[in-house]
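Heads up: the structure comes next, in structure tokens.
Values in this text are rule-based calculations from the coordinates and carry no lab data. Just so we're clear, the structure is a prediction, and the values are computed from it rather than from any experiment. Cβ placement follows ideal geometry from the backbone for every residue including glycine, while neighbour counts extend to all protein chains displayed.
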Amino acid sequence: MSKNYIVGFPRIGEQRELKKVLESFWAKKSSFNEVEELAKALRKRHWEYQKEAGISYISSNDFSLYDTMLDTSIMIGAIPARFRDLEGENRYFAMARGDEKRVAMQMTKWFNTNYHYIVPELSLEDSYSLDATKVLSEYKEAKDLGIKTKINLIGPITYLGLSKRIDDGDTYELIGKILPIYEALLAEISELDDEIVVQFDEPIFVTGCEAKVLSLIKPTYEKLAGVSEKIKIAVVSYFEHSVEATKVFVHTPIWALGLDFVYAEENKESLKIIQESGKVLIAGVVDGRNIWKNDMQKTLLLLEDIAKVVDREAIMIGSSCSLLHTPFTLKYEQKLESEIKNWLSFALEKLEEVSLLEKLFFTPEDTQAQKALKENIQANKSRKNSTLIHDKKVQERVNSLKKFEREDSFDSRIKVQREVLGYQDLATTTIGSFPQTQEVRAARKSFKAGEISKEIYENEMKKYIEECVRFQEECGLEVLVHGEPERNDMVEYFGEQLKGYGFSENGWVQSYGSRCVKPPFIYGDISRPEAMTVEWIRYAQSKTEKIMKGMLTGPVTILNWSFVRDDMPRDAVSKQIAVALSDEIADLQEAGIKIIQVDEAAFKEGYPLREEKIASYEKWAVRDFKIAVSSAKKETQIHTHMCYSVFNDIIETIENMDADVISIETARSGNRLLKIFKETGYKQEVGPGVYDIHSPRVPSVEEIVKQIRLLLEVLPKEQLWINPDCGLKTRKWEEVKPSLENMVKAVEIVRAEFS
Ligand code: GLN
Ligand code: ZN
């Protein structure tokens, strides 16, 4: 019997087929029948890929038309009241996306990935009941194709841990209501076959749960394992270690435990008790969330290490997590340099890796496998030694860095800045981007495809920038922006100009529902061959007497939205980016730019899952933001922007970043979330968004006046800037123009009250 295991597989399709049919269905151009037909074809193809690669544990129920947490809510009948009059796909997609009458359920990040799940809404009053349709039918569908699958389920403890209570109270209190549903499900599953593996995903335990939550493990899994002798339970966790939970799981009647050995060395501590318990260990040794080819020599050493403690026979070779978090396949990559392509591995290639590692570990005499190992060693060697990766100059510069922060304190800087810049209290500005119109997108696309010349393209962009400037002047905004028409994406734009960055053509990863992102990847030492933004900003500044704000993406955000090289610590990569950005800031200053915004939209996203690791993340994240802006002169004002509103837990860290002004996303929360800035005696200036840009609504003058007054209850006017809560790129001009005009009028009204 072969012994390898894939936690889960991507479902969007190698050419994003699922995305396309869903969007066409939502646009009423396809029927639901077409969606189902395609979904069925995709499942078949995905199972077959895994079978062909020699995978022994292939999943069913890892497929979803939107999200597996949402599927779980359907499965247990946790339907919020507002959707109960709907049925079938109408109900399903309304829960995910809302409709004319109903707001969608909330969506949030799946642990520290860029995947987003639909947050269940639970309450003590509601009663739940089983709908096993999807689980059972996917299993049968595979079986009819001759493929015996394991069944993937979100574990009940994780499901509750990621839910919210609409009636206030602890979600874990509801275990007594949820567990019987899972038991009933297992009873139905046990009818399917003589022996069947059910995988429960319980990643909640990698966050380091309290004793109260750990105490749920035993009773829950005793019940689940007690349902039927025919069911073998595998519990998997990923992204971090789950040492505390493993201590309990080994004393439950489950069959196997899946642990992540790529992102959590600590899991090795659990080997001894796993061995003693006689459970099977699914060793997650192939990185399920990054794109690098496995270093098999290294992995085999790790496996041998594991085998010193756990019986070889009890080990299975697995992916570290579901392959959902990697792109599908390298086979459509035509443009990638072959040397670089040879260092990479996407989901399909990872199947081969898992399968090969199994052979190498269990049957090393296999000559085919040995041949493949040689190739793997070769590829990793080429990566280690490639001149594409190692840049002595960059390394020397970063290692001998002397300047880590700006010279003067905020107090002395801000005095000079207010004199030089001369802005009023409640100064108005925006976050950077203006609507990306059809024409702007089309011009960028044609230029990229080589259909129009650089000159024509630049003229198009300049025309747009000039229009943005004219509008902002007419509107009466004080600190202007150029509008970012030349940027497809705030990370990709910089990645494209930095050395050490690579791009795939088809490396899409599901972000939520039908949405995918194509993160660029950092493969080598990072440097900046040329200025990246200066010409655009300089041009914009030349069109106005007012202050033009330069716009950059910060090091931590660039890092968090890219696939990062795994041959160097993350913080060392981030530091290289920071140094490159510090040169950009120096050049912008040189070009006469007086205010520079360094966006850290994804600062909070990079936070570690475990509390004990937070301090070290904050330390280097703050260090690198400060390095990036260290070249700013005293009189140059540094802004930053973050797309969050809850700063309670990180307010000191934000202050330590030492930006002169921070704009944040508080529009939807009145002044409630701003209070932390006052309570902690935050000194720097703050621009709390005064209206929500995520909605097409135009806010009225009165509404914004009211919002500004609320802000003034918390912070003095000298400390406040007035701006929308994020960039305007996804909005239309018809919405943006009146909204910003109203914002400026509102400020005038409030200012008049002061004099
Ligand atoms: N400057 C960027 C913009 O306005 C910021 C985007 C963001 O915060 N996500 O588009
Ligand atoms: Zn934002």
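Towards the positive end of the charge dipole of segment 527-639, with charges on Cβ (+1 Lys, Arg; -1 Asp, Glu), say which of Ser542, Pro529, Val573 has the farthest Cα. Among Ser542, Pro529, Val573, the one farthest towards the positive end of the dipole of segment 527-639 is Ser542. Taken along the Cα-to-beta-carbon direction at a fixed 7 Å, the label points for Lys402 and Glu339 span 3.4 nm.
Hydrophobic, long helices, defined as DSSP H runs whose alpha-carbon span along the helix axis is 18 Å or greater and whose mean Kyte-Doolittle value is at least -0.5, occur in the chain at 175-190, 347-362, 570-590, 614-629, 701-714, 733-754. Of the residues Thr108, His251, Leu174, the one whose Cα sits farthest toward the positive end of the charge dipole of the chain, with +1 on the Cβ of Lys and Arg and -1 on the Cβ of Asp and Glu, is Thr108. Put the Cα centre of segment 510-583 next to the Cα centre of segment 706-755 and the gap is 28 Å.
Among Met548, Met642, which comes first, then next, by fewest other beta-carbon atoms within 10 Å? All intermediate terms of the calculation are to be shown ahead of the outcome.
Details: Met548 26, Met642 23.
In order of increasing Cβ crowding within 10 Å: Met642, Met548.
Only helices enter the 222 nm calculation for the chain: every DSSP H run of n ≥ 4 contributes -39,500 (n - 2.57), and dividing by all residues gives -13000 deg cm²/dmol, rounded to 500. Partners of Lys683 within straight-line reach, counting aspartates and glutamates whose Cα lies under 12 Å from its Cα and excluding those fewer than 8 residues away in the same chain: Asp411, Glu652, Glu655, Asp658, Asp660, Glu718.
Dipole magnitude for segment 712-755: about 220 debye, using +1 per Lys or Arg Cβ and -1 per Asp or Glu Cβ, origin at the Cα centre. Within the shell defined by Cβ-Cβ distances under 13 Å, the residues around Val280 carry a net charge of +3, with Lys and Arg each +1 and Asp and Glu each -1.
Contact order for the chain, expressed relative to its length and based on alpha carbon pairs under 8 Å spaced 6+ residues apart, stands at 11 percent.
Give me the net charge for the shell around Val479: Cβ to Cβ below 11 angstrom, other residues only, Lys and Arg +1, Asp and Glu -1. Its environment carries a net charge of +2.
Mind checking the dipole of the chain: about its Cα centre, +1 per Lys or Arg Cβ, -1 per Asp or Glu Cβ, Debye to the nearest 20? Walk me through the intermediate numbers first.
Numbers: 104 positive and 123 negative charges, 190 e Å.
Here the chain has a charge dipole of around 920 debye.
Of all DSSP-defined beta bridges confined to the chain, some 15% are antiparallel rather than parallel. Note on Asp525, Asp571, Asp170: ascending count of other Cβ atoms within 10 Å places them as Asp170, Asp571, Asp525, the fewest first.
Sorted from fewest to most neighbouring beta carbons within 10 Å, what does the list Lys268, Lys675 look like?
Working: Lys268 16, Lys675 13.
Least to most surrounded, the residues fall as Lys675, Lys268.
Of the chymotrypsin sites (Phe, Trp or Tyr not before Pro) in segment 384-486, the ones in a loop by DSSP (not H, G, I, E or B) with at most 16 other beta carbons within 10 Å are Phe404. A straight line joining the Cα centroids of segment 140-170 and segment 257-310 runs 24 Å.
Label point of Lys683 set 7 angstrom out along Cα-Cβ; within segment 637-656, amide nitrogens under 19 Å from it belong to 637-640, 651-656.
Using a cut-off of 23 Å between Cα atoms, the listed pairs Lys28/Lys164; Lys454/Lys543; Lys448/Lys499; Lys335/Lys454; Lys634/Lys745; Lys29/Lys140 include Lys28/Lys164; Lys634/Lys745; Lys29/Lys140 as exceeding that distance. Distance between the modelled labels on Glu530 and Ser24, one decimal in nanometres: 4.1 nm (7 Å Cα→Cβ projection). Among the listed pairs Lys148/Lys212; Lys20/Lys463; Lys109/Lys633; Lys109/Lys298; Lys546/Lys737, a Cα-Cα separation exceeding 29 Å is found for Lys148/Lys212; Lys20/Lys463; Lys109/Lys633; Lys109/Lys298.
Rounded to the nearest 20 debye, the dipole size of segment 334-474 about its Cα centre is 500 debye, using +1 on the Cβ of Lys and Arg and -1 on the Cβ of Asp and Glu.
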